[in-house]
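Chemist: Here it is, the structure, as structure tokens.
The values are calculated or read from the model by the stated rules, or taken from the named source; none is laboratory data. This structure is a prediction, so every number in the text was calculated from the model and none was measured. Using ideal geometry, Cβ is built from the backbone for each residue, glycine included, and neighbour counts are taken over all protein chains shown. Quick note on the areas: whole protein, heavy atoms, side chains included, nothing else; ligands and nucleic acids left out. Shrake-Rupley method; radii C 1.70, N 1.55, O 1.52, S 1.80 Å.
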Amino acid sequence: MTDRTVKVLFVCLGNICRSPMAEAVFRERINSDGLENRVEVTSCGTGDWHVGSPPHEGTRRILDEKRISYKGQRAKQLKANENTAYDYIVAMDRQNVADLVDAGVPQERINLLSDFISDKRGLEVPDPYYHNNFEEVYDLISEGSEGLLQDILARYPERE
């Protein structure tokens, strides 16, 4: 057992498309490996336009197709000083990174999701709100989630 829980925060613009999808996909991944007691996951947006709203219908559709739960998810905005509570702050694109830095999050504490995909480092997860490319976004999030989990397991090995 680890001596503490690893906390992960996924961030996008409005917290209705990419970051709630990443939260649901990553939660499913950690639960399927029995790691729900070692890793906590949540998501938020940098903007407040959708606070309180459920995930976007396109996000819900693809998660339903993949049989991944998003039960109880509602959009929320990053709160001031909340960033210090997380071991991983994972942004979907460079604008999210810039917004997080503007909100006072040190740049060195932020990763793009693609930083956890060896052959796609620096790639942005496109916003499906504008492009309706939910399948492409799901594929990137799935791949990034696997890499993120491997990074967590390497950096925070289980202790007997």
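Chemist: Mind checking the per residue accessible area of region 1-111 for me, 1.4 Å probe, whole number of Å²? Numbers along the way, then the final one.
Modeler: On the way: 5420 Å² over 111 residues.
Normalised by residue count, the accessible surface of region 1-111 is 49 Å².
Chemist: For region 1-47, what are the per-bin percents of Cα-Cα distances with bins 10 Å wide, up to the bin holding the maximum?
Modeler: Histogramming region 1-47 at 10 Å steps yields 30, 46, 21, 3 percent.
Chemist: Now for a separate question. Note down the nm distance, to one decimal, between modelled labels 7 Å out along Cα→Cβ at ASP102 and at ASP48.
Modeler: 1.5 nm
Chemist: Where does the Debye-calculated log10 I(q)/I(0) of the chain sit at q = 0.10, 0.11, 0.18 Å⁻¹, using only Cα point scatterers of equal weight, no solvent?
Modeler: Computed log10 I(q)/I(0) values: -0.32, -0.38, -1.09.
Chemist: Can you compute the charge dipole magnitude of the chain about its Cα centre, using +1 on each Lys and Arg Cβ and -1 on each Asp and Glu Cβ, nothing else charged? Give it in debye, rounded to the nearest 20.
Modeler: Numbers: 20 positive and 28 negative charges, 86 e Å.
With Lys and Arg at +1 and Asp and Glu at -1, about 420 debye.
Chemist: Pop the C-beta distance of ASP139 and ASN37 into the FRET formula with R0 = 30 Å and round what comes out to the nearest 0.05. Numbers along the way, then the final one.
Modeler: Working: r = 28 Å, r/R0 = 0.95.
Efficiency for this residue pair is about 0.60.
Chemist: Do the sum for the chain: with -39,500 (n - 2.57) for every DSSP H run of n ≥ 4, divided by all residues, what is the mean residue ellipticity at 222 nm, to the nearest 500 deg cm²/dmol?
Modeler: Values: 5 runs with 59 residues, N = 160.
Value at 222 nm, helices only, nearest 500: -11500 deg cm²/dmol.
Chemist: Give the carbon-plus-sulfur fraction of the accessible surface of region 50-146 in %, rounded to a whole number; probe 1.4 Å, heavy atoms of protein chains only.
Modeler: On the way: 2440 of 5430 Å².
Roughly 45 percent, rounded to a whole number.
Chemist: With a 1.4 Å probe and all protein chains left in place, how much of the accessible area of region 1-41 comes from carbon and sulfur atoms, in whole percent? Before the final figure, lay out each step's value.
Modeler: Details: 610 of 1460 Å².
On region 1-41, the fraction of accessible area on carbon and sulfur atoms equals 42 percent.
Chemist: At 15 Å minimum axial length over the Cα atoms and a Kyte-Doolittle cut of -1.0, report the qualifying DSSP H helices in the chain, or say none. Kindly include the intermediate steps, with their values, before the conclusion.
Modeler: Values: long enough: 18-32 (21 Å, -0.68); 134-155 (31 Å, 0.01).
Helices passing the filter in the chain: 18-32, 134-155.
Chemist: Let me ask something additional. Please sort by residue number the chymotrypsin sites (Phe, Trp or Tyr not before Pro) in region 1-99 whose DSSP state is loop and whose Cβ has at most 11 other Cβ atoms within 10 Å.
Modeler: On the way: sites: PHE10, PHE26, TRP49, TYR70, TYR86, TYR88; in loops: TRP49, TYR70, TYR86.
Passing both the DSSP loop test and the Cβ count: no residue.
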